[in-house]
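Single-structure report; data block below.
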């Protein structure tokens, strides 16, 4: 059964003293270009620079005392690694992090700063899972999945929850789709706290597994995932997929060119540093303008951890 | 005689409904690195992306009806051109803008968006002044200097005024030094509204005219000004120099490497897009750490209009 309204409220109560209540920005020019009223929920200003701090915190707060003592382990292409490290440091427990060898250097450095203990592996899901399982056995650490865990999804839901507390009359919220943990949480928040608020996902054409999964009714994978939106290369899981099926209206696919164009607009006009993964949302709105015309649209800006030495412009 | 407290308050009254009250950001990591408590006053979030909107607005509000009808003219390497164009558009008068041919393309495009009428000239002060004078005569437009005009300086003072309203106990405010209009305004605000609040300037080593001017007691120029901080290549003027002499404690020179390093820190840690000209401040604080140790330090982030195709990283 999918999580309840009460569980989302409990998650908010769990995380609210450990995470930033992030600002909501607007830009008259971006609203004008899109034909909609856009409200950007800026998780790039979250602690460690991404919404993942919310899910990680809720997952750790929910552990038993015995579990906390042994520590936690995860595999992540970047942001969740930082989030779990910082959340674990905050409550004083060890965090073991499996990272693909091609993860951005700025993300590896940040994990170390936050006290996470890194094990590198080949950049495949199989290699990540094997490395994490080994640590799980050796250290008796609790495995926390970056996106396919109920407590993580509930923690992620608190971003859209805050957005809807501030702007209760949003018609639509658009969220990036990667591993599915953010959009599932966003869907739950819109279902319980919105007023007929639809949730749409935005996904790179080059990593369109979620789009295909909603069409086929079962979890699809990406043979390749060659996208600048490096946070969106992962695939859905058995816990978040049913939530997405229930709460998400549909997914809009966007080209690499459109992602980079939207990224540039956000940097130039909002004057904020966001990840390419966050820009899929604006790219989707600009692609399907008629769908958003005249609407009040929330946008989840998922994070701002970019490698300045490898910018797409 | 330098401007009075009453004149700063009048300027705030003139501009407050036309400009954004910009946010003040903090970063625990940047404060930790510096050994001081840093408060970033974010004029990059100002209308048109820079503090110059404040000075331009105050100058235009202060014009007579007859002057408004003929319009205004200025020469500017970028941000003031946008500011005057947008302020003029807001109150419905023409703005004629002389820009050097090597100004960043994003700045030229923005001037056009705001309705400014551009005349390009050679990138020398002499060519700029000649072109502006020609337009002044032909159109009977009022010349508004980007930095060396009392009303502009008073408008600029409203940024530090707002900062001190929010954080009245700042020990120091650090401002970039270019043409002198921002730091002169900052000095006035600190003098009248701070509690023993010192103002320090930060300037590129490669455009150290203001540093030398304070030493010699007369306005010095730059033979060359080859700095990534493109907003700081200009020199002081006869109206702002006496204010700077009276209200500024000193100027700290920073290398190009230090500017780029500080720029990177601000982008990566604060997640905001700021101009190289804004990063001289943090570079100065990190260079002379002992001076700022344990102090509450305000930083004027002057603007965020960068050309994403020409980033220094």
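No lab work stands behind these numbers, since they all come straight from the coordinates. This one's a predicted model, so the numbers in the text were calculated from it and none came from an experiment. Positions of Cβ are backbone-derived with ideal geometry, glycine not excepted, and every protein chain shown enters the neighbour counts.
Which of these, B:138, B:69, B:203, has the largest mean-square fluctuation under a Gaussian network model of chain B (Cα springs below 10 Å)?
Looking only at B:138, B:69, B:203, the largest GNM fluctuation is found for B:138.
Could you tell me how many degrees, from 0 to 90 and to the nearest 10, lie between the Cα long axis of helix B:52-61 and the main elongation axis, the longest principal axis, of the Cα atoms of chain B?
Once rounded, the angle reads 40 degrees.
Give, in whole angstrom and from largest to smallest, the semi-axes √(5λ) of the equivalent ellipsoid of the protein assembly as shown, with λ running over the eigenvalues of the Cα gyration tensor.
47, 27, 21
Once both axes come from the Cα atoms, what is the angle between helix A:181-193 and the longest principal axis of chain A, in degrees from 0 to 90, rounded to 10?
60 degrees
What nm distances, shortest first, do you get from the label point of residue A:249 to those in the other copies when the point sits 7 angstrom along Cα to Cβ?
Relative to the other copies, residue A:249 has label-point distances of 5.5 nm.
I need the inter-copy label distances for residue B:119: point set 7 Å along Cα to C-beta, values in nm with one decimal, smallest first.
7.1
So, how do all the Cα-to-Cα distances of region A:53-143 break down into 5 Å bins, in percent, from 0 on up?
Whole-percent P(r) values from 0 Å outward: 3, 17, 29, 25, 19, 7, 1.
Find the Cα radius of gyration of region B:52-208, compare it with 2.2 N^0.38 Å by division, and give the number to two decimals.
Compared with the compact-globule rule of thumb, region B:52-208 sits at 1.08.
If you average the C-alpha positions of region A:171-220 and of region A:124-165 separately, how far apart do those two centres end up, in angstrom?
18 Å
For Cα pairs less than 8 Å apart in space and 6+ apart in sequence, what is the mean separation divided by the residue count of region A:197-299, i.e. the relative contact order in percent?
Relative CO of region A:197-299 lands at 31 percent.
Across peptide A:180-193, what mean number of C-beta atoms from other chains lies inside 10 Å of a residue's C-beta?
0
State, as an integer percentage, the relative contact order of chain A based on alpha-carbon contacts under 8 Å between residues 6 or more apart.
Once divided by the residue count of chain A, the mean separation gives 22 percent.
Got the residue A:215 label distances to the other copies yet, label 7 Å along Cα→Cβ, in nm, shortest first?
6.9
Mean shadow of chain A, computed from the convex hull of its alpha carbons, in nm²?
14.2 nm²
Based solely on its DSSP helices, what 222 nm [θ] is calculated for the protein assembly as shown when runs of n ≥ 4 H residues each add -39,500 (n - 2.57) and the sum is averaged over all residues, nearest 500 deg cm²/dmol? Don't jump to the answer; show the numbers that get you there.
Details: 28 runs with 286 residues, N = 626.
Mean residue ellipticity, 222 nm, calculated: -13500 deg cm²/dmol.
Rounded if a/c is under 1.5, else prolate if a/b is larger than b/c, else oblate: which is region B:129-261, with a ≥ b ≥ c the root eigenvalues of its Cα gyration tensor?
It comes out oblate by the Cα gyration axes.
Of the DSSP beta bridges with both residues in the protein assembly as shown, give the percent that are antiparallel, rounding to the nearest 5.
Values: 7 of 67 bridges.
About 10 percent, rounded to the nearest 5.
So what's the gap between the Cα centers of region B:1-72 and region A:227-281, to the nearest angstrom?
So the two Cα centres are separated by 35 Å.
Per residue, how big is the convex hull around the C-alpha atoms of region A:1-97? Give it to me in cubic angstrom, could you?
Spelled out: Cα convex hull of region A:1-97, divided by residues, is 143 Å³.
Which percentage, to the nearest 5, of the DSSP beta bridges contained in chain B is antiparallel?
Around 10 percent of the beta bridges assigned by DSSP in chain B are antiparallel ones.
Could you work out the relative contact order of region B:1-144, using alpha carbon pairs under 8 angstrom and six or more residues apart, expressed as a whole percent?
Rounded, it is 19 percent for region B:1-144.
Which one, A:278, A:76, A:31, has the greatest fluctuation when you compute a Gaussian network model over chain A with C-alpha springs under 10 angstrom?
Highest fluctuation of the listed residues: A:31.
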